[in-house]
Amino acid sequence: MAVHHSVLSALLLSAVAAATLSRDVRQCPDETRAGCSPPKWAPRWDTASSSYVYCFRKCPLSWLANHTEIGLFGGVVGVDHYWTHQGMPCKDGKPQEFKFQDEFAKATKATFPKSLVLEYRITDAVPYDPIVHDLMESNPEYFVRWHHAPNNNMSICTVPAEHETGRPGDNCSWPIRAAAYDWSKPEVRDWYLQNIIKPTMVHGDGAWIDGDGPDNGCFECSGNYRFNNVKAPYPANNASEVAAFCDGEAAVVTAAQKWLIENGGFDYNCFDFVESGLPAVGDTPEECAHKVRSNDFRHAHQSSAAVVLYGSRTRESGYTDDTTAQAVATFMLVRGPHWFFGAPVENTLNATAMKYVLSDYGPVVSNMTEPSPNVFKRTFERAVITLDCNTFQASFDAVQ
C-alpha cells in the first residue's frame, strides 16, 4: 500500500524528534553542591586535627590508635558503606548498616576525641537498613515504580537480581536490591531528611551523601544516568519524570547540606579535593614555586567551603613517605582555616613520615612570605615552616 509523502514525512519527523528527545534526557549522577558553605567547625591549625582519612578497602585508624606516642589524630574521617559491609551479616534477618555506621562513629570518637566522622548515606533507596525496607512495605508510593505499559503493575522498581548486594550466609530476610526514591514528591524528600540525614548528627558529624553512580546506584530505575543504555525493561521513568527526579534530588541534597552545616555538621560533597598542581619531585625551582604561589592564591581568594589538599575522596595523592615533609610544609604554608591534609590511607603507616602529619605547630601567626626567590616561609606559634623550592627541602624550625 502506498504511503502519502506528507504522512511519511510526518512519521520520519516524529522518529527524529523521539530520538532527539531520547538523547537529550536530563542526567544527574553526581550530587549538587548548591547547599555548601564553610563548616561551623572551629578552625584547626594543628596538622593532627587538620588531616583527612577515608576508610574504604583500607583504614589507618587502628595503626593510629596504636601509635599515639607520635601524636593523637583528630581529623576528619569518612567511612564507606563497604567498610561497614553494607550492614551485613544480618542479625535476626535484618541488615544493620546505619547501626554499624553509628558504632564506627562512636568507637572512632572515643579513641580520637577531636575527630569528626562523616557517616555514609546514599540517595538511592538501599534496603540494607530496616528503616528503608519498612518504608518500602508501608509506603511503596515513595519509590519509583513500574507504571508505564507494558510493565505497569505498580510494583517498586529495583535493580536487576544480578546486582543484588549480599553474600551467601548473610542470613537476610529480604533481598538487598536498591530502589530509587521518587524525589519528585516533597513528602519523600522530607522523610529522607528526617530519617536518613539528620540521624548522622547523633553520633557523627554529618554525612557524605553518595549519588547514583554505576557501582551501587539505582539509575536503571530512575533513568538519571545512562538513560539510553540501560537494558529493557529499564528505566521505569520517562524523560519528563527523569527531569522531575533530578530536580527533586537536587532539592533534597541542597536541603541536607544546609541543615547539616547550620547544625555543626558537613557533607563531603562540599570539600574541594586537590590532587594536581602541587609541588613534586622533579619540578624545576620555578615550577615548584609557581605551584606554591597558586595554592596560596587559592587560599587568599578561596570560594571553597573546605579543602582537602594532597588527597581525593578515598585516599592521599601527590606525595610519598619520602616527601611527606615537603607535602605537609606546602599544606601549612598555603592553608586556610578549613583546609585538611590528605593523610595516607593504609592499614600500616610509616612512623617517620607520620610525625609530620601528627604534629602541632600551634595557631598561625602570619601569612606566607617569600623572603628569597623560590623560598617560602610561614610562622606558627611554635614553628617557622619553610619550603625551599630550589632544593625541594622542608624545615620546621622551633620558634625561639
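Shown are Arg121, Arg177, Arg382, whose ranking by accessible area with a 1.4 Å probe and every protein chain present, most to least, is Arg382, Arg177, Arg121. Compactness ratio for the chain: Cα radius of gyration over 2.2 N^0.38 Å (N = residue count) comes to 1.16.
Heavy-atom accessible area, probed at 1.4 angstrom with all protein chains present, ranks Glu119, Glu275 as Glu275, Glu119, highest first. Within the chain, which whole H helices from DSSP have a Cα span along their axis of at least 30 Å and a mean Kyte-Doolittle hydropathy of -1.0 or more, if any? Answer set is 239-262. With every protein chain in place and a 1.4 angstrom probe, the accessible-area ranking of Asp388, Asp212, largest first, reads Asp388, Asp212.
Rolling a 1.4 Å probe across the protein heavy atoms gives the chain an accessible surface of 44 Å² per residue.
Among Tyr82, Tyr319, Tyr52, the residue with the largest mean-square fluctuation in a Gaussian network model of the chain, with springs joining Cα atoms closer than 10 Å, is Tyr82.
Taking the helices alone, the chain has a mean residue ellipticity at 222 nm of -9000 deg cm²/dmol, built from -39,500 (n - 2.57) per DSSP H run of at least 4 residues and averaged over all its residues.
Looking at the chain, the DSSP beta bridges with both ends there are about 50 percent antiparallel.
Which of the residue pairs Lys58/Lys355; Lys58/Lys114; Lys109/Lys185; Lys231/Lys258; Lys58/Lys94 have a Cα-Cα distance greater than 29 Å in the structure shown? Violating the 29 Å Cα-Cα cut-off are Lys109/Lys185; Lys231/Lys258.
Across the range 285-400, the fraction of Cα-Cα pairs farther apart than 21 Å, rounded to a whole number, is 35%. Among residues other than Thr330 with Cβ under 10 Å from its Cβ, the summed charge is +1 (Lys and Arg +1, Asp and Glu -1).
The values are calculated or read from the model by the stated rules, or taken from the named source; none is laboratory data. Please read these numbers as outputs of a predicted model, since none were measured by experiment. In this analysis, Cβ positions are derived from the backbone assuming ideal geometry, glycine residues included, and neighbour counts consider all displayed protein chains. Note: accessible area is taken over every heavy atom of the protein model, side chains too, but ligands, DNA and RNA are not part of it. Shrake-Rupley method; radii C 1.70, N 1.55, O 1.52, S 1.80 Å.
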